[in-house]
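A.B. asks: Sending over a structure as structure tokens; questions will come in a sec.
The values are calculated or read from the model by the stated rules, or taken from the named source; none is laboratory data. It should be emphasised that the depicted structure is a prediction, and the values quoted were computed from it without experimental measurement. Methodologically, a virtual Cβ is constructed for each residue, glycine included, from the backbone with ideal geometry; neighbour enumeration extends over all protein chains shown.
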Amino acid sequence: MDLQPLDFEKPIFELERRLQDLKDHSDEHDVDLDSAVKAVEAKLRETRREIYGKLTAWQRVQIARHVQRPFAFDYIERCFTNWIELHGDRRFADDKAMPSGLAMLGTQRWPPSIAKPHGIALSSAKRRSPCSSSQLVKHLSR
């Protein structure tokens, strides 16, 4: 997926591209460009600090609404293992907008967690299969 920087992030992406070009050139031609790489890395750190340290309210909103931002399920997949999604409520309904489930963080079991997938149209979201009671018992007995 191509990255889509916001207008105020373009200097950061340009420096990242230049840094990658330097590293690639150094590897391809067996040239020592460590000093240049370190200089660009320092400039990149400073540029990030400047840009993200002085964000306007609208720029913060743009970052929060960015189409490539991570969603709740992205965090769940990266942080937890053995995610078991629970379905239904006291009225035996299933709210696809508010999935919850059980997961493991290392060796610790975590109680039901709510993951509201903002920004994902339910028609385009992956279908999630309900957890059977036998799967839930197996998951809880670990």
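A.B. asks: Take the conditions more than 23 Å from residue 3 (Cβ to Cβ) and either out of contact with any Pro (no Cβ under 8 Å at 6 or more places or on another chain) or at pLDDT 85 or above (or both) and apply them to residue 128. Does it pass?
C.D. replies: For residue 128, the condition - more than 23 Å from residue 3 (Cβ to Cβ) and either out of contact with any Pro (no Cβ under 8 Å at 6 or more places or on another chain) or at pLDDT 85 or above (or both) - is not met.
A.B. asks: Filtering the range 14-46 down to residues that are surrounded by 14 or more Cβ atoms within 10 Å (Cβ to Cβ) and of a type in the set (A, V, I, L, M, F, W, C), which residue is farthest from residue 3 (Cα to Cα)?
C.D. replies: Within the range 14-46, the match that is farthest from residue 3 (Cα to Cα) is 33.
A.B. asks: Under the condition of being touching a residue at least 24 places away in the same chain (Cβ under 8 Å) and either outside the structural domain of residue 101 (by TED's automatic domain parsing) or surrounded by 15 or more Cβ atoms within 10 Å (Cβ to Cβ) (or both), which residue from the range 76-85 is nearest to residue 6 (Cα to Cα)?
C.D. replies: 76
A.B. asks: I would also like to ask the following. Given the residues 36, 42, which is the only one that is at pLDDT 95 or above, over 18 Å from residue 59 (Cβ atoms) and assigned by TED's automatic domain parsing to the domain that holds residue 60?
C.D. replies: 42
A.B. asks: Out of all the residues in the range 52-64, is one or more modelled with pLDDT under 80 and surrounded by 14 or more Cβ atoms within 10 Å (Cβ to Cβ)?
C.D. replies: no
A.B. asks: Of all residues in the range 91-117 being in contact with a Pro (Cβ under 8 Å, 6 or more places away or on another chain) and not in a loop (DSSP other than H, G, I, E, B), which is modelled with the highest pLDDT?
C.D. replies: Result: 102.
A.B. asks: For residues in the range 4-28 being touching a helix residue (DSSP H, G or I) at 6+ places or on another chain (Cβ under 7 Å) and of a type in the set (A, V, I, L, M, F, W, C), which is nearest to residue 55 (Cα to Cα)?
C.D. replies: 8
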